[in-house]
Amino acid sequence: MRKRKISRTGTLIAFEGIDGTGKSTQIKLLADWLRAQGEDVVATREPTDSVYGRRIRELYVNRGACTPEEELELFIEDRKLHVKDVIRPALNAGRTVLTDRYYYSTAAYQGANGLDVKQILQRNRFAPQPDLVILLTMPPELSAERISSRGGQVNAFEQLSYLRRVSEIFASFAEPWICRIDAVQPVTSVRDQIRNALSRL
Ligand code: TMP
């Protein structure tokens, strides 16, 4: 196991999974629940609003604008700022950080874009290891359906064939801190399973 928890007292929980699995809904429910119990919670997300995050969003409509390697660099630089400015300070202050996407998204999405998954994870070693990863799972077909039914345009990162590869990579992660939850279930069932998973911490 990687030693990346030195001098921190807070808790880091990452939400991962393909789009349409309800990550942001569940983060809100969990943040409200934890706050009601007096926890000091920071809810955050990637890509961030940094200069790198803005460039990443431009790629949603024109992914061909950069190479897979350049795209990876943007996600890594965005995460470096996120870790330095938000995640580490919050963990050092003993807060509970809930992040909507983290380095497993980079491994899965940029891995599905042809890059080596192990190398991507190596490149992310600067990022504190999460205490818990809630990986919300769903068939990619349903995810694509949900994205279009909410009126959203399927961005260049969410095309069905690509989502299938992303899902396969997500399915390959086996670290003990990853908890998979079937996101096809009703929101309240998913919510209860997430609360249960937190009892591991
Ligand atoms: P979002 O829809 O959750 O805001 O995420 C933005 C998109 O960026 C989503 O399609 C997944 C993708 N993404 C990556 O390709 N690599 C990453 O490292 C992250 C954080 C997101």
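The values are calculated or read from the model by the stated rules, or taken from the named source; none is laboratory data. This one's a predicted model, so the numbers in the text were calculated from it and none came from an experiment. For neighbour counting, all protein chains shown are included, and Cβ atoms are generated from backbone atoms with ideal geometry for every residue, glycine included. Remember, those area values only see protein heavy atoms, side chains included, never the ligands or the DNA or RNA. Shrake-Rupley method; radii C 1.70, N 1.55, O 1.52, S 1.80 Å.
On the accessible surface of the range 11-200, probed at 1.4 Å, how many percent belong to carbon and sulfur atoms? Intermediate values should be presented prior to the final figure.
Working: 4320 of 8720 Å².
The value for the range 11-200 is 50 percent carbon and sulfur by accessible area.
Along the Cα→Cβ direction, 7 angstrom out, place labels at E168 and L201. What is the inter-label distance in nm?
Output for this residue pair reads 3.4 nm.
With every protein chain left in place, what is the accessible area of R165 in Å² (1.4 Å probe, nearest 10)?
For R165, the solvent-accessible surface is approximately 110 Å².
With a probe of 1.4 Å, find how much accessible area the range 1-96 has per residue, and write the answer as a whole number in Å².
Normalised by residue count, the accessible surface of the range 1-96 is 52 Å².
Whenever you get a sec, line up V117, V187, V61 from highest to lowest accessible area (probe 1.4 Å, protein heavy atoms). Could the numbers behind the result be given before it?
On the way: V117 40, V187 80, V61 130 Å².
So the residues, ranked largest to smallest area, are V61, V187, V117.
List the aspartates and glutamates whose Cα lies under 20 Å from the Cα of K28, skipping any in the same chain that are fewer than 8 positions away.
Excluding near neighbours in sequence, the set is E16, D19, E39, D40, E46, D49, D100, D131, D182, D192.
What does the net charge come to around R191 if you take all other residues with beta carbon closer than 14 Å to its beta carbon, with K and R at +1 and D and E at -1?
0
For S167, what accessible area in Å² do you get when you roll a 1.4 Å probe over the heavy atoms of the protein chains, rounding to the nearest 10?
Spelled out: S167, probe radius 1.4 Å, area about 30 Å².
Over the chain, what is the mean sequence separation of C-alpha contacts under 8 Å (at least six apart), divided by residue count, expressed as relative contact order in percent? Each step should come with its number before you reach the end.
Working: 301 pairs, mean separation 66.2, N = 201.
Value for the chain: 33 percent.
Please compute the net charge surrounding L29, taking Lys and Arg as +1 and Asp and Glu as -1 over other residues with Cβ under 14 Å from its Cβ.
After counting each charged neighbour, the total is +1.
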